[in-house]
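Asks: There's a structure below that I have some questions on.
Read-outs: derived from the displayed coordinates by stated rules, not from any lab. From a predicted model like this one, the values you see are computed outputs, not experimental measurements. Using ideal geometry, Cβ is built from the backbone for each residue, glycine included, and neighbour counts are taken over all protein chains shown.
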Amino acid sequence: MRLSEAEAKAEMASLIACLQETGPTRPSTETILRSCTSCFACDVLCPQDCRPANLFLSIWGRRYRERGLPERARYFLPYSRPNFRTYVMDRMSAEEKEAVESWKSLEPVETFFYPGCNLITTPYLTFSKLFAGLPIRGALDYCCGEMYFRMGLEEHLEQVARKCSAYFRTLGAKTVYLQCTAGLNMFTHVLPQFGADFTDIRFKPFLKRVHERLESGEWPIVKRFDGQTIAVQDSCHAKIYEPGYADWPRKTLSLLGFTVREAPRHGNAGLCCGIGSGFSHGAAYGKSDLIRGQRACVRNMRDAQADVVAVYCSGCLEMMSVARYVTLGGSPVYHILELIQEAIGERPLRRHRGVARNFLIGTLRNQGGGKKRFWPPPIEQSGDVP
């Protein structure tokens, strides 16, 4: 938000007063409460480790409980049916639908890949020998709840924690690989705070596994990208999952021959891809707020002046692909898995534009509006896996 130190201190005091209900909220604080994208940069960068993002989430959570959500938000909640993801999934190829259906299996397996909701809507990314010998398990019904987390909906996080604990217990999980940094952070750090029991389960980054195999020569690099420049869009959850995690995609891209050019805002100061602009109580998934976030992200990436942009989060891939429609510009966007597949001699399936188009059409057709408000219903627990 580019506040001066004096402004930041004044806003922190106002936020605390707002949370404690000890006085009226400053008009500027209301603007900041709507503008925050819960990207966690303030938590990471604060020199006193004050965790200011907790103030935003607590205030949003209370307002959602007291005032509910506008009807337009229903279409974006992860456990709503239908929602923006199910619309995309209904229009996937038969091959993709078959893969996603197979991932719902509850057959016990100790080591597997968990796709996460965003990769479930881009399953073609897994059609590669990168996943050979690694079973995939996951479904939208076992979402990690990161959107609830970034909206401050603590009661729903407790429900997600129970549901996911039962799910992984049923599978007999011991080692779970994830490409999704949201899932890595939620399962490792967040859900255990809300009652999740992941005893004896290790959640491990899939990207590190891939990097090790590329570096060792197990997967020979047959096509290099020497002379090409690339900028990296960082995941919000990468900031708080593990210090230095954002270095891994850069190490991997450099291994493939790319020269990384950093955008002005990257790493711990990176901007959200745009979806976070809808999380605040004031925004609540308003289209103009989402587009505002997307445009800020595209401008930031454009300032890197790189040939292409890489993402390592499938959600970022979807949002930045949508952004190319609504902003009419920006460099080509690739998921890092696509670039790795190409480097080892595969022909990646580039279907992101179709996903983005369906995302847009579905939102325009199905996102509700008006003044009606609702409170998110409890996440279904009956009929869960035992």
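Asks: Look at the stretch 169-191 and say how many of its residues are part of a helix (DSSP H, G or I) and more than 19 Å from the chain's Cα centre (by Cα).
Replies: Number satisfying all stated conditions: 3.
Asks: Within the stretch 196-213, which residues are aliphatic (A, V, I, L, M) and in a helix (DSSP H, G or I)?
Replies: LEU207, VAL210 - these are the residues of the stretch 196-213 that are aliphatic (A, V, I, L, M) and in a helix (DSSP H, G or I).
Asks: Only residues that are assigned to a helix (DSSP H, G or I) and either on the phi > 0 side of the Ramachandran plot or surrounded by fewer than 23 Cβ atoms within 10 Å (Cβ to Cβ) (or both): list them for the stretch 137-146, please.
Replies: Passing the criteria: LEU140, ASP141, TYR142.
Asks: Of these, GLU11, GLU30, which one is touching a residue at least 60 places away in the same chain (Cβ under 8 Å) and either in a helix (DSSP H, G or I) or hydroxyl-bearing (Ser, Thr, Tyr) (or both)?
Replies: Residue meeting the stated conditions: GLU30.
Asks: Something else: Does the stretch 82-92 include one or more residues that are free of Cβ contacts under 8 Å to residues at least 12 places away in the same chain, farther than 25 Å from ASN366 by Cα and charged (D, E, K, R)?
Replies: No, the stretch 82-92 contains no residue that is free of Cβ contacts under 8 Å to residues at least 12 places away in the same chain, farther than 25 Å from ASN366 by Cα and charged (D, E, K, R).
Asks: Among the residues of the stretch 214-246, write down those that are surrounded by fewer than 14 Cβ atoms within 10 Å (Cβ to Cβ) and in a helix (DSSP H, G or I).
Replies: Listed by number, the residues that qualify are GLU215, SER216.
Asks: Give me the pairs: first residue in the stretch 206-223 and under 13 Å from ILE336 (Cβ atoms), second residue β-branched (Val, Ile, Thr), beta-carbon distance under 6 Å, and six or more apart or on different chains, which are they?
Replies: If the second residue must be β-branched (Val, Ile, Thr), the pairs left are HIS211/THR252.
Asks: Give the stretch 199-237 a look and list any residue that's more than 13 Å from ALA310 (Cβ to Cβ) and within 16 Å of the chain's Cα centre (by Cα), or say none.
Replies: Those that are more than 13 Å from ALA310 (Cβ to Cβ) and within 16 Å of the chain's Cα centre (by Cα): PRO205, PHE206, CYS236, HIS237.
Asks: For the stretch 73-102, how many residues are within 20 Å of the chain's Cα centre (by Cα) and either in a helix (DSSP H, G or I) or surrounded by 15 or more Cβ atoms within 10 Å (Cβ to Cβ) (or both)?
Replies: Counting residues in the stretch 73-102 that are within 20 Å of the chain's Cα centre (by Cα) and either in a helix (DSSP H, G or I) or surrounded by 15 or more Cβ atoms within 10 Å (Cβ to Cβ) (or both) gives 16.
Asks: Okay, next question. Criterion first (among the basic types (Lys, Arg) and without any contact (Cβ under 8 Å) to a residue 40 or more places away in the chain) does ARG250 satisfy it?
Replies: yes
Asks: I want to confirm something. Restricting to the stretch 193-205 and keeping residues that are in contact (Cβ under 8 Å) with a residue 24 or more places away in the chain and farther than 16 Å from PRO115 by Cα, which single residue is surrounded by the most Cβ atoms within 10 Å (Cβ to Cβ)?
Replies: ALA196
Asks: Considering only residues that are among the charged types (D, E, K, R) and free of Cβ contacts under 8 Å to residues at least 24 places away in the same chain, look in the stretch 33-64 and name the one that is nearest to GLY145 (Cα to Cα). It would help to see each step written out before you state the result.
Replies: Taking the stretch 33-64 as the starting set, the residues that turn out to be among the charged types (D, E, K, R) are 34, 43, 49, 51, 62-63.
After this cut, where a residue has to be free of Cβ contacts under 8 Å to residues at least 24 places away in the same chain as well, the list is 49, 51.
Values: ASP49: 25, ARG51: 20 Å.
So, considering only residues that are among the charged types (D, E, K, R) and free of Cβ contacts under 8 Å to residues at least 24 places away in the same chain, the one nearest to GLY145 (Cα to Cα) is ARG51.
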